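Student: This is the structure, below, for whatever I ask next.
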Amino acid sequence: MDLSSPPATLFTTVPSPLGELLLVGRESPTAPGTAALASLSMAGGRGEPGPRPGRRREPAAFTEVLGQLRAYFDGRLTRFDLEYVTGGTPFQRLVWEALDEIPYGTTTTYGELAERLGVPRAEVRALGGAIGANPLLLVRPCHRVIGADGAMRGYAGGVERKVALLTHEGALLPLFN
């Protein structure tokens, strides 16, 4: 990597049980596989960044991410350990760090998460906005946040994928066996 120029933005796509995933990252000398993950989105999902000019397709840079995704979908991984590109506002980063602490196979509500973070009830909408702005679907488990009544609230990848992820993790019972 040329240290005199900004790190390159890299991307790749990969099939998954949820459909095609788009991985976007930045070159990083400390990241296994050479890419720190900046976003993970799902084809057809809200806010999908899509390949853009100036991004270079580089599947080999995401070998560690791909290995961990495979292990997750195979049921062998319950927590991702990846290097991420830091972004967002201080409030968003606070919320995203809290998402990382929601254990595999469990859910929490928006209200419980707000209480844990000391967010006043009047600002729960801002908490929902920060969750919705999470660029790292799946690996930063925003899918584990549900409505107080157990309802599946919005998910950038689509509510049906949220249900699939929670079922995969054992937080929801499968509809049919």
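The values are calculated or read from the model by the stated rules, or taken from the named source; none is laboratory data. A quick note: this is a predicted structure, and the numbers were derived from the prediction, not measured. Quick reminder, even Gly has a Cβ in these numbers, built from the backbone with ideal geometry, and neighbours come from all protein chains shown. All accessible areas refer to the heavy atoms of the entire protein, side chains included, with ligands and DNA or RNA removed. Shrake-Rupley method; radii C 1.70, N 1.55, O 1.52, S 1.80 Å.
Student: Which members of the range 94-114 meet the condition of being open to solvent by less than 80 Å² (accessible area, probe 1.4 Å), under 28 Å from Pro7 (Cβ atoms) and not hydrophobic (A, V, I, L, M, F, W, C)? Before the answer, list the steps.
Tutor: Here is the first cut: in the range 94-114, the residues open to solvent by less than 80 Å² (accessible area, probe 1.4 Å) are 94-96, 98-100, 102-111, 113-114.
Next cut, under 28 Å from Pro7 (Cβ atoms) only: 94-96, 98-100.
Once the filter is applied, which keeps residues that are open to solvent by less than 80 Å² (accessible area, probe 1.4 Å), under 28 Å from Pro7 (Cβ atoms) and not hydrophobic (A, V, I, L, M, F, W, C), the range 94-114 yields only Asp100.
Student: Oh, and also: Which condition does Thr89 not pass, out of (1) over 15 Å from Leu136 (Cβ atoms); (2) open to solvent by 70 Å² or more (accessible area, probe 1.4 Å); (3) at pLDDT 95 or above; (4) not hydrophobic (A, V, I, L, M, F, W, C), if it passes all the others?
Tutor: (2)
Student: Across the range 1-57, which residue is modelled with the highest pLDDT among those that are among the charged types (D, E, K, R) and exposed (fewer than 10 other Cβ atoms within 10 Å of the Cβ)?
Tutor: Start the filter on the range 1-57 by keeping residues that are among the charged types (D, E, K, R), which leaves 2, 20, 26-27, 46, 48, 52, 55-57.
Next, only the ones that are exposed (fewer than 10 other Cβ atoms within 10 Å of the Cβ) stay: 2, 52.
Values: Asp2: 46, Arg52: 64.
Of everything passing the filter in the range 1-57, Arg52 is modelled with the highest pLDDT.
Student: Take Asp74 and decide whether it is among the charged types (D, E, K, R), out of contact with any Leu (no Cβ under 9 Å at 6 or more places or on another chain), in contact (Cβ under 8 Å) with a residue 40 or more places away in the chain and closer than 30 Å to Pro29 by Cα. Spell out how you get there, then give the answer.
Tutor: Details: among the charged types (D, E, K, R): yes; out of contact with any Leu (no Cβ under 9 Å at 6 or more places or on another chain): yes; in contact (Cβ under 8 Å) with a residue 40 or more places away in the chain: no; closer than 30 Å to Pro29 by Cα: yes.
Taking the combined requirement at face value, the residue does not satisfy it.
Student: Between a residue in the range 95-115 that is under 19 Å from Arg153 (Cβ atoms) and aliphatic (A, V, I, L, M) and any residue that is modelled with pLDDT under 95 and open to solvent by 60 Å² or more (accessible area, probe 1.4 Å), which pairs come within a Cβ distance under 8 Å, given they are 6 or more apart or on different chains?
Tutor: Between residues of the range 95-115 that are under 19 Å from Arg153 (Cβ atoms) and aliphatic (A, V, I, L, M) and residues that are modelled with pLDDT under 95 and open to solvent by 60 Å² or more (accessible area, probe 1.4 Å), the close pairs are Ala114/Pro120; Ala114/Arg121; Ala114/Glu123.
Student: Something else about it: Against the conditions (1) under 13 Å from the mean Cα position of the chain (by Cα); (2) open to solvent by 70 Å² or more (accessible area, probe 1.4 Å); (3) within 16 Å of Met152 (Cα to Cα), where does Arg79 fall short? Just the number, please.
Tutor: With respect to (1) under 13 Å from the mean Cα position of the chain (by Cα); (2) open to solvent by 70 Å² or more (accessible area, probe 1.4 Å); (3) within 16 Å of Met152 (Cα to Cα), Arg79 is out only on (3).
Student: If a residue must be acidic (Asp, Glu), in contact (Cβ under 8 Å) with a residue 60 or more places away in the chain and open to solvent by 30 Å² or more (accessible area, probe 1.4 Å), how many such residues does the range 121-177 contain? Outline the logic, then answer.
Tutor: Within the range 121-177, the first condition is being acidic (Asp, Glu), and the residues that meet it are 123, 149, 160, 169.
Pick out the ones that are also in contact (Cβ under 8 Å) with a residue 60 or more places away in the chain and you get 169.
Next, only the ones that are open to solvent by 30 Å² or more (accessible area, probe 1.4 Å) stay: none.
So the answer is 0.
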